[in-house]
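This is the structure I have questions about; it appears just below.
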Amino acid sequence: MNLLELNDISVDFTTKKVTLSAVKDVSLTIGKGDFISIVGPSGCGKSTLLNVLGGFLPPSGGTIFQKGEALKGPGRNRGVVFQKPALYPWLNVEQNVGFGLKMRGIGKKEKLKIVEENLKRVQLSDFSHMNTYELSGGMQQRVAIARILANDPEILLMDEPFGALDVLTREHLQDELLKIWRETHKTVVLITHSVEEAIYLSTSVYVMSELPGQLIKKVETPFSTEYSEMNSRKIKSLPEFVALREEVLSYIWS
């Protein structure tokens, strides 16, 4: 059984004067442990589609199922990481990561254990009592990822999580995310403008057209699974990586 199944999903936005078709007839199946990325021109409906997956936006047409059950609204089994970390500035790092656990009534001892495990996973154990506004942008995004992981969702939905970061921090967090995916076997859906990032991290890359957004191509990518012993810089300079990047770009430009 597929973990997520989208059938002919469409999203329209209607005003008094006009109806804008943002997403049209998108069908997609996502299996357990998949890491898929969606790329495409700016404004093509990528984030809109992710909002549908997150349950924040009901589709105008089509159906979406998780493990065979109709998806209705947000749920704890789907965790969302946004481009901006959306942390609570009045809480420190530890309290931010443990916020969802507290809301679920998890006991203090168990909550602390889970928080410590996930801060260690994102290499922030030494910063647990710092205020989030004292951290760099990359560190704040790691707190946001730890907070999502602490709630143990089946699926991570990531909307350009590294888009606002400098190149070095972005590449470091790409490696952190890849390590987390390999350790936890979570299913990941990543929205990104970076074709290089998509190819490096994913098992499959989907290309979305200009509005109305449709999935026009699926490209299998081996680098996250078959090249795990090689460092990222070397992988991204491989002729086969460059060729695949140019192939995906050609689909976007076309």
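Here, each number is a calculation from the coordinates, and none is a lab measurement. Since this is a predicted model, take the numbers as computed values, not measurements. A quick note on method: Cβ atoms are made from the backbone with ideal geometry, for glycine too, and the neighbour counts reach across all protein chains shown.
Could you work out how far apart the two model spin labels at Thr184 and Lys113 are, taking each label as a point 7 Å from the Cα in the direction of the beta carbon, and quote it in nm?
Modelled inter-label distance: 1.8 nm.
What fraction of the Cα pairs in the chain, stated in percent, has a spacing above 30 angstrom?
29 percent
Moving on to the next point. Specify the residue with the greatest mean-square fluctuation among Ile216, Ile36, Ile191, computed from a Gaussian network of the chain linking alpha-carbon atoms under 10 Å apart.
Ile216
Could you please state, rounded to a whole Å, how far the C-alpha centre of segment 159-195 is from the C-alpha centre of segment 197-217?
Comparing the Cα centres of segment 159-195 and segment 197-217, I get a distance of 15 Å.
Next question. Please list the radius of gyration and Dmax for segment 1-118, considering alpha-carbon atoms only, with Å as the unit.
So, for segment 1-118, Rg and Dmax equal 17.6, 56 Å respectively.
For a paramagnetic label modelled at 7 Å from the Cα of Ile216 toward its Cβ, which residues of segment 1-44 fall within the zone defined by backbone nitrogen distances under 16 Å?
22-27, 38-44
Report the extension gain between His193 and Trp90 in nm, rounded to one decimal, defined as 0.36 nm multiplied by the number of residues separating them, less their alpha carbon distance.
Length gained between His193 and Trp90: 33.9 nm.
What trypsin sites (Lys or Arg not before Pro) does segment 1-83 have in DSSP loop regions with at most 15 other beta carbons within 10 Å?
For trypsin sites (Lys or Arg not before Pro) across segment 1-83 that sit outside H, G, I, E and B with at most 15 neighbouring Cβ atoms in 10 Å, the list reads Lys16, Lys17, Lys32, Lys67, Lys72, Arg76.
For each of Thr48, Thr29, count neighbouring Cβ atoms within 10 Å of the residue's Cβ, then give the residues from fewest to most.
Ascending number of Cβ neighbours within 10 Å: Thr29, Thr48.
Once you keep just the Cα pairs under 8 angstrom separated by 6 or more residues, what percentage relative contact order results for segment 17-89?
23 percent
Once you sort the root eigenvalues of the Cα gyration tensor of segment 178-254 as a ≥ b ≥ c, which label holds: rounded (a/c under 1.5), prolate (a/b larger than b/c) or oblate (the other case)?
Taking the square roots of the gyration eigenvalues as a ≥ b ≥ c, segment 178-254 is oblate.
Going out from 0 in 5 Å bins, what whole percent of all Cα-Cα distances in segment 84-152 drops into each bin?
3, 21, 34, 26, 12, 3, 0
As a test, work out the antiparallel percent of DSSP beta bridges whose residues both lie in segment 143-254, rounded to the nearest 5.
50 percent
Quickly estimate the mean residue ellipticity at 222 nm for the chain, helices only: each DSSP H run with n ≥ 4 gives -39500 (n - 2.57), and the total goes over all residues, rounded to 500.
So the calculated ellipticity at 222 nm is -11000 deg cm²/dmol.
On to the next question. Please arrange Leu91, Leu177 by counting, for each residue, the other beta carbons lying within 10 Å of its beta carbon, fewest first.
Ordered from fewest to most neighbouring Cβ atoms within 10 Å, Leu91, Leu177 come out as Leu91, Leu177.
Say we join alpha carbon atoms closer than 10 Å with springs in a Gaussian network model of the chain; which of Met130, Met139, Met230 then has the biggest fluctuation?
Greatest mean-square fluctuation among the candidates belongs to Met230.
Output the antiparallel fraction of DSSP beta bridges having both residues in the chain, as a percent to the nearest 5.
Antiparallel bridges: around 55 percent, rounded to the nearest 5.
I would also like to ask the following. Over what distance in Å are the Cα centres of segment 122-152 and segment 1-59 separated?
With segment 122-152 and segment 1-59 each reduced to a Cα centre, they are spaced 29 Å.
With the cut-off at 30 Å, tell me which of the pairs Lys46/Lys102; Lys17/Lys217; Lys113/Lys236; Lys24/Lys179; Lys84/Lys108; Lys46/Lys186 have Cα atoms farther apart than that.
Listed pairs above 30 Å: Lys46/Lys102; Lys17/Lys217; Lys113/Lys236; Lys24/Lys179.
Follow-up. Return the loop-located GluC sites (Glu not before Pro) in segment 178-254 (DSSP other than H, G, I, E, B) with at most 11 other Cβ atoms within 10 Å of their own Cβ; answer none if there are none.
Those satisfying the criteria are Glu229.
Report the chymotrypsin sites (Phe, Trp or Tyr not before Pro) located in segment 152-254 that are in a DSSP loop and have at most 16 other Cβ atoms inside 10 Å of their Cβ, or state none.
Listed in order of number, the matching sites are Tyr227.
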